[in-house]
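**Student:** A single structure is presented below for examination.
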Amino acid sequence: MENAAQSLVGNVGQLLGEEYRLLSGVGGEVAELRDDLATMNALLRMQSEADEGAVDHFVREWMKQLRELAYDAEDSIDHYKLRIKCLPGDGVRARLKHLFDTLFQRHGLAGKIRDLRTRAITISERHARYGINREALRRAPSLSAPPVRAVPASVPALRSANHPEHHQFVGIGTQADTMAEGVKASVEKERYLKVFSVVGFGGVGKTTLAVEVCRRLEAEFPYQAFVSVSQAFEPSRDLKALLKRGLQQVVKPKTDNEKGVKEEGALERMDDLDDKTLAEKLKHCLKGKRYLIVIDDIWTIRAWEAIQSVLPENYCDSRIIVTTRIDTVAKACSPASVSGHNIHHMKPLKLEDATKLFLSRAFGSVDASCPVELKDVMESILRKCGGLPLAIVSIASILAAYTSSGSKDKWETICKSIGSQMESNPTLEGMKQIVTLSYNHLPHELKGCMMYLSIFPEDYEINTTRILCRWIAEGLVSEKRGLTLLEVAESYLDELVSRNMIQPHFGYNGKVESCRVHDMLLEVMVSKSLESNFVSLLGGQYAGMSYDRIRRLSIQGDDRRPFGVEKRLTDPPSKKKMVGRASRHGIQGMDVEHVRSLSMFQLKEHKLLDHLDKFTLLRVLDLEDCEGLTNDHLKNVCRLYLLKFLSLKGTNISKVPPQVEKLEHLQTLGVGNTNLEELPETVTNLEKLEHLDFYHKTKWSAMWKLPRGLRKMKALRVVTLSLLGDDVQVAQELGDLEQLQELCVYIDSPITDEEVLEQLAISLSKTYSLRRLNIGDMGNGKTLNFLQRLPVPPRLLRYFRTAGAMDRLPSWVESLTYLVEFDMSWADLVDDQLFGVLCKLPNLKSIWLQRRSYSDNALVARTSHNFPALMNLKVTSDAECPKVFQFEEGSMSKLETLLINFADKEEKSIVGIEHLTSLKEVLLTGNRYNRALDRALVELMAETKRRPESNQFQVVVKYE
C-alpha cells in the first residue's frame, strides 16, 4: 500500500513517552525508527506518484519490503497499546504496579523495536549495494507517455484504425444520433464557437462516439481534425505538436492540376515555427470556415485552458468535441449556459448491443449465433464486461480462436481468470493499460482508497457510510485543517465519482448513497492489491490461495478444503512453524495476529467466527449480513481492544454484552437490521464513538433508549434511531453532543412531561452542527408542538422529517435555507400550513408526504407557491384526504418527478398537470381496479401527447 507508513510517524511518537524512557536506550531506538518511517513514507509516496515505466521489478520488490517493515512497525505500536500502555486515569500506584507487571513484555517489545531498526538498516544497505537510482522514482517527462498519440491523418481514417475500440460501432448509434442532433441544433441557434464534452470511464467508447459524430456531420463541417492529448500533457512542451497535428488535418495542400505543381501551402516549414506562430497560422487557415475538431482524452483543466487559448474563434458555427474521463474537466470545457451543460455522459452498452459486439468479434458477424454449449459462458463474460466495449472486444478477440466444438473449458478458464489474463495475454494488455491509466492518474491519497475497494466482491453495492467509515478506521484519510475526517473522506468519494472510477447511486439530496466498481477495474485493483500485499482474498473464485502474511482479509465465500482456517487457528504454537508453504490451503499456516481488517461476505456460517479473539490487532471487523454470527461470538469481539469499526448489521444477534465498553477506540458501531431491542448502558463509555447505527429487523418501535451518561460520548456524530423517555437529565445531556450531525429521536409521549420537552427544545438549539433531524412522537397527542419553542433552530439542516401531529409547522422552518429534503407523516395539516411554508425554501429539492400528513380535501400548490428548486414530490398517503392534487400555473415550475398513491380510494384526482412544464416522470400507485387511477392515467397520457416531443414525460403505474 502506497501510504502504509503515513499514519505511523505520529503513532511512533507515543513510544517516546515516559514509559519507554525508563528502559535505557530504547527511547533513542524509537526516535530512529520514527525517522526511518518518515523516510519510508516519502519513498512509498514517490513510488505511488512515479510513472508506470519508472518502476521496475527490483524497485517494486524494494517497495514491498519497505511496506512490510512499515506494517510490522505499526503492529509493534499496536501491541504496545494493547499490552503495555498504562490506562488513562490510573493513579501513581496503579501506574507503578503496571510498569512492574509488564517489565518483561516491555523488554521484549524493546527487542522488537531494535530488530525493526536493524531491518530498516539492512533494507537501506541492500538498496545501496545494488545501486538503485532513487531518481527513477520521480516523475520525469522523458519517462512519460508521448504527449500526443499517433493518430491517422484524418477523422474518417480513424474509423478503421487497428484499435479494439474502433473495430465496431455496435450499440452507439442512438448515442451518436442524439449528440449529432445536439451539435446541429446548436449550429442553427448560435454562431460562436461551442464546446461539447463526452465524459466516461476509459474503454467505454468516448473516442468511438466522437469520431462517429464527426462522420455523420461531414457535410455540415467540411474541415475536421482529431488530436489526442496525453495524461502527461505539458503546454510548454506539447502544445506545438498538438497544433501541428491539427494543421496537418484541416489544411490540405493545393495542386494545380494543369501544371502538376503543388502550391506552397500552410504546411511548409512548420517545425521551425513556435506555438504563437502556429496558432496564428491555424487561425488564418480556418478563417471564414466551419470546422469541427475532436480533442481526445483531456485529463486536466490546465491542459484544456492551454488548448482553448489557441483555438480560433471565427463565428462560423464551428464546434469542438472534447473527450475526458473526469466530470470536473468536462464541466470546465463545456460550462453551463442558458441551454445547460453540453455534456454527454457515455452509457455502457445494453445487453443486446453488447451481445452483438461480442458475436461480431468472436464469430465474425453481429448476426452470428453462439453455440448452445458456450452461451452460458458468454453471458457470464458479458456480465463481467458490464457494457464496456473495450473489454468486450478484447476478450472476444481472444476467444475468436476457440469457437469450435469442445472449446467450453477454454472459455470458462478465460472467464474465471480475466485478472491474471490481463497480466500475461498480449491481447488484453492494451485493455489493462487503458483501465490502469485512470488509477495511475489519481492523487496519492486516493490510490489507497481506490485499492481498498478490492475488498468487496464483484457487483457488490457498497453503502457510502460504510466505506467512508472504513477508510477513516484504516487511516487512509489524511487530516486537513478546518475539515473533519468524514468531510475529507466525502471529498475523496466525490473525486472518485467525478473521475468515473466508481459507479454511484445518488439519493434525492444529490449525495452518493451507494456505489460499485466496474468488474474490469475491480480486476485491476485486485491485481494491484495482491501484488502489494494490501488485501488477501479467500473463498469463491479465490479459494485455495495462500499468503505469507495477511494484513487485510476478505472472505468472499466458503473454502471447503481438508485443511481450513479453523485447523490453523487451533494449532498449538509449537506446530505453527512446522507448516510449510506447500501444504497451505486458505490461510493455513498464516499468522492471523497481523490481520488488521476482517470482512466476511454472504456467509451463513464459518468456523472462523469461533476464533475471532485470535485477531488481536483488528481495527476493522465487518460481519454485515453474516447469518452465522451468534451472541456467543460477541464475547470474543469485545476482546478486540483496538477495534475502530464494527459492523454487525443484518445479523441475528439479540444481545450486546456490557463488555463492549472495553472497545475504547471504537468509532463506528453498526447494529442496524438486527434483533437487538436495546444496548447496554456501558455503551456510554465509548467516548470515541462517532457513528451508531441501531434499528430492529421487524420492530420499528425497538429503539436505543438514550441513557444517562450520554454527555461522555462527545464524539457522536450520527445516531440513527433512539428513544427519549421521561428523564430530564438525558434530555439535557443531549445538548452536550456538540458534534452531532444526524439524529433520529422519538419521544415516548405517554410518559414524557413538559419539563423534558422544554429541555429537549433547548438541547436541539445547541446542536448547531446538525445536518439531518428525524423527530417523531410515539403517542397520539400533539407532542411535537414543542418544536415551536426552540430558542434557536438548527439552521444548517439539509434533511428534516417529522412523524407526529402538530398544530402547524414551526415558524422557523422558513429559515432553513440549506434544507434539501423534507419528509412528514401523521401531522394532519390543513390549508396552506404545508406548501405555504415550504415554498419559501430556496434549496428544497424533495418533499415526501406520507400517512396523514395533510387532512384537507384538496392539496393545492398555488401560483404564489413558486418552489424555486423543487424537483421531486411524493405523496404516499393512503387516507381519504387529500382527494384532489391541484397545481396552479407557476407553482412548481422545476418539478421533474411526481409520485401519487391512489390506494383504493375512488375520488382522488390530479388537476393542473399541464402547469408542470419541467415534468419528466409521473408514477402512480394503487389498486389495479381503481377507477380514479384509470381516469388519471388516461388524462396524463393525453397531456403528454399534447406536448412537444422534447417536453413529454413518462407515465408509470405500479399496482399494489
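**Student:** Run down R237, R245, R290 and say which single residue is modelled with pLDDT of 80 or more and open to solvent by less than 50 Å² (accessible area, probe 1.4 Å).
**Tutor:** Unique residue meeting the criteria: R245.
**Student:** Something else about it: If you go through the range 756-768, how many residues are modelled with pLDDT of 90 or more and open to solvent by 20 Å² or more (accessible area, probe 1.4 Å)?
**Tutor:** 5
**Student:** Can I ask one more? Confirm whether T698 is of a type in the set (V, I, T), open to solvent by less than 60 Å² (accessible area, probe 1.4 Å) and assigned to a loop (DSSP other than H, G, I, E, B).
**Tutor:** no
**Student:** Are any residues in the range 867-912 under 17 Å from S950 (Cα atoms) and hydrophobic (A, V, I, L, M, F, W, C), and if so, which ones?
**Tutor:** Once the filter is applied, which keeps residues that are under 17 Å from S950 (Cα atoms) and hydrophobic (A, V, I, L, M, F, W, C), the range 867-912 yields only L895.
**Student:** Given the conditions (1) part of a helix (DSSP H, G or I); (2) buried (at least 16 other Cβ atoms within 10 Å of the Cβ), report the number of the one that S491 does not fulfil.
**Tutor:** Just one mismatch for S491, condition (2).
Residues checked against (1) out of contact with any strand residue (DSSP E or B) (no Cβ under 6 Å at 6 or more places or on another chain); (2) part of a helix (DSSP H, G or I); (3) buried (at least 22 other Cβ atoms within 10 Å of the Cβ):
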{"position": "I295", "(1), (2), (3)": "no, no, yes"}
{"position": "A332", "(1), (2), (3)": "yes, yes, no"}
{"position": "L357", "(1), (2), (3)": "yes, yes, yes"}
{"position": "D367", "(1), (2), (3)": "yes, no, no"}
{"position": "S404", "(1), (2), (3)": "yes, no, no"}
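**Student:** Are any of the residues in the range 304-311 touching a helix residue (DSSP H, G or I) at 6+ places or on another chain (Cβ under 8 Å), free of Cβ contacts under 8 Å to residues at least 40 places away in the same chain and open to solvent by less than 50 Å² (accessible area, probe 1.4 Å)?
**Tutor:** yes
**Student:** Still on this model: Would you mind finding the one in S918, S891 that is hydroxyl-bearing (S, T, Y) and either under 33 Å from the mean Cα position of the chain (by Cα) or modelled with pLDDT of 95 or more (or both)?
**Tutor:** Of S918, S891, the one residue that is hydroxyl-bearing (S, T, Y) and either under 33 Å from the mean Cα position of the chain (by Cα) or modelled with pLDDT of 95 or more (or both) is S918.
**Student:** Filter the range 940-960 down to residues that are open to solvent by 100 Å² or more (accessible area, probe 1.4 Å) and touching a strand residue (DSSP E or B) at 6+ places or on another chain (Cβ under 7 Å) and give me whichever is nearest to K905 (Cα to Cα).
**Tutor:** This residue is E960.
**Student:** Within the bounds of the range 400-413, is there any residue that is more than 25 Å from A368 (Cβ to Cβ) and among the polar types (S, T, N, Q)?
**Tutor:** No, that holds for no residue.
**Student:** Further question on the same structure: Residues that are of a type outside the set (A, V, I, L, M) and in contact (Cβ under 8 Å) with a residue 12 or more places away in the chain: which strands (runs of 3 or more DSSP E) entirely in the range 616-680 hold 3 or more of them?
**Tutor:** Correct list: 668-674.
**Student:** Sort out which residues of the range 385-400 are assigned to a helix (DSSP H, G or I), surrounded by 21 or more Cβ atoms within 10 Å (Cβ to Cβ) and not small (G, A, S), and write them in order of number.
**Tutor:** C385, P389, L390, I392, V393, I395, L399
**Student:** Can you tell me which residues in the range 606-643 are closer than 22 Å to D72 by Cβ and of a type in the set (A, V, I, L, M)?
**Tutor:** L617, L618, V620, L621, L640, L642, L643
**Student:** I need every pair where a residue in the range 59-83 that is farther than 14 Å from L618 by Cα has its Cβ under 7 Å from the Cβ of a residue that is among the hydroxyl-bearing types (S, T, Y) and at pLDDT 75 or above, sequence separation at least 6 or different chains.
**Tutor:** Hits for this filter: K64/S532; R67/S532.
**Student:** OK, next. Based on what the data block shows, is V229 modelled with pLDDT of 90 or more and within 31 Å of the chain's Cα centre (by Cα)?
**Tutor:** No; evaluated as a whole, the condition is false for this residue.
**Student:** Out of the residues in the range 816-849 meeting the condition of being hydroxyl-bearing (S, T, Y) and closer than 18 Å to P793 by Cα, tell me which one is surrounded by the fewest Cβ atoms within 10 Å (Cβ to Cβ).
**Tutor:** Within the range 816-849, the match that is surrounded by the fewest Cβ atoms within 10 Å (Cβ to Cβ) is T817.
The values are calculated or read from the model by the stated rules, or taken from the named source; none is laboratory data. It should be emphasised that the depicted structure is a prediction, and the values quoted were computed from it without experimental measurement. Positions of Cβ are backbone-derived with ideal geometry, glycine not excepted, and every protein chain shown enters the neighbour counts. Keep in mind that these areas ignore ligands, DNA and RNA; they rest on the heavy atoms of the full protein, side chains included. Shrake-Rupley method; radii C 1.70, N 1.55, O 1.52, S 1.80 Å.
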